[in-house]
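The values are calculated or read from the model by the stated rules, or taken from the named source; none is laboratory data. Everything numeric in this text was worked out from a predicted model, so none of it was measured. Cβ atoms come from the backbone with ideal geometry, glycine included; neighbour counts cover every protein chain shown.
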């Protein structure tokens, strides 16, 4: 009888821990991604046709922080997409080195 009680308690604890983990991932998943990817908005949605045909309207993208000094503009697309926030400073520009300036 005592063994059955311990088994039921163990099963109940496993169930509760599983539910807690699932809820933690559901509600804390964005926070976890923010820390891992180093960005305030780790998941974005394409809201216009500006990225068609590569990405469609409504597609989700996962965004990670990159070191701006290491970005290199290639003559042919390689599959990476650069997402950046516009600077509040007037006239500021994002300048990328080309492959000819910085060969790999």
**Study point:** Leading residue by the ranking (farthest from residue 44 (Cα to Cα)) among those in the range 65-90 that are loosely packed, with under 10 Cβ neighbours inside 10 Å and modelled with pLDDT of 70 or more
**Key:** 75
Exercise for review: Could you grab me the full set of residues in the range 35-53 that are surrounded by 12 or more Cβ atoms within 10 Å (Cβ to Cβ) and in a loop (DSSP other than H, G, I, E, B)?
Suggested key: 38, 39, 41, 42, 46
Practice item. Determine whether the range 19-34 contains at least one residue that is surrounded by 10 or more Cβ atoms within 10 Å (Cβ to Cβ), within 21 Å of residue 80 (Cα to Cα) and out of contact with any helix residue (DSSP H, G or I) (no Cβ under 6 Å at 6 or more places or on another chain). Key: yes
